[in-house]
Amino acid sequence: MTEQKDPNIFQIAFSLIASFCGVQTKENMARDEAYIEKNGIKVYVIIGFFLVFCILLTLFGIVQLVLKLAV
């Protein structure tokens with residue numbers, strides 16, 4: 001087995017976004033699993049909560065914009 005580089009923050013974020021949508025590649029999933037086994041899941045959980053917060057904030061903003069324009 002070859003030594004893989006640890007993913008950076010952007011790779012983790014894109015990996016989480018892809019997994020939210022259900023389109024994660026096997027290579028990325030293997031990289032993520034190797035990183036989690038080596039360093040733990042804490043980074044993925046923190047970034048996941050941040051991404052969910054951003055999605056909810058975006059949806060709230062869109063709804064507020066639509067309601068303001070509908071009146």
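What follows is calculated from the coordinates using simple rules that are stated; it is not laboratory data. This one's a predicted model, so the numbers in the text were calculated from it and none came from an experiment. Quick reminder, even Gly has a Cβ in these numbers, built from the backbone with ideal geometry, and neighbours come from all protein chains shown.
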Checklist entry - Suppose every K and R has +1 on its Cβ and every D and E has -1 on its Cβ; what is the size of the dipole of the chain about the Cα centre, in Debye to the nearest 20? => result 260
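Hey, can you list the DSSP H helices of the chain whose Cα span along the axis is 20 Å or longer and whose average Kyte-Doolittle score is at least 1.6?
Working: long enough: 42-70 (42 Å, 2.31).
What comes out of the filter, once short or polar helices are dropped, is 42-70.
Only loop residues by DSSP count here, and only those with at most 13 other Cβ atoms within 10 Å; note down the trypsin sites (Lys or Arg not before Pro) in the stretch 1-52 that meet that. Please report the intermediate quantities before stating the final value.
On the way: sites: Lys5, Lys26, Arg31, Lys38, Lys42; in loops: Lys5.
Sparse-neighbourhood loop trypsin sites (Lys or Arg not before Pro): Lys5.
If you filter the chain for GluC sites (Glu not before Pro), then keep DSSP loop positions with at most 12 other Cβ within 10 Å, what is left? Write down the numbers at each step before the final one.
Working: sites: Glu3, Glu27, Glu33, Glu37; in loops: Glu3.
Sparse-neighbourhood loop GluC sites (Glu not before Pro): Glu3.
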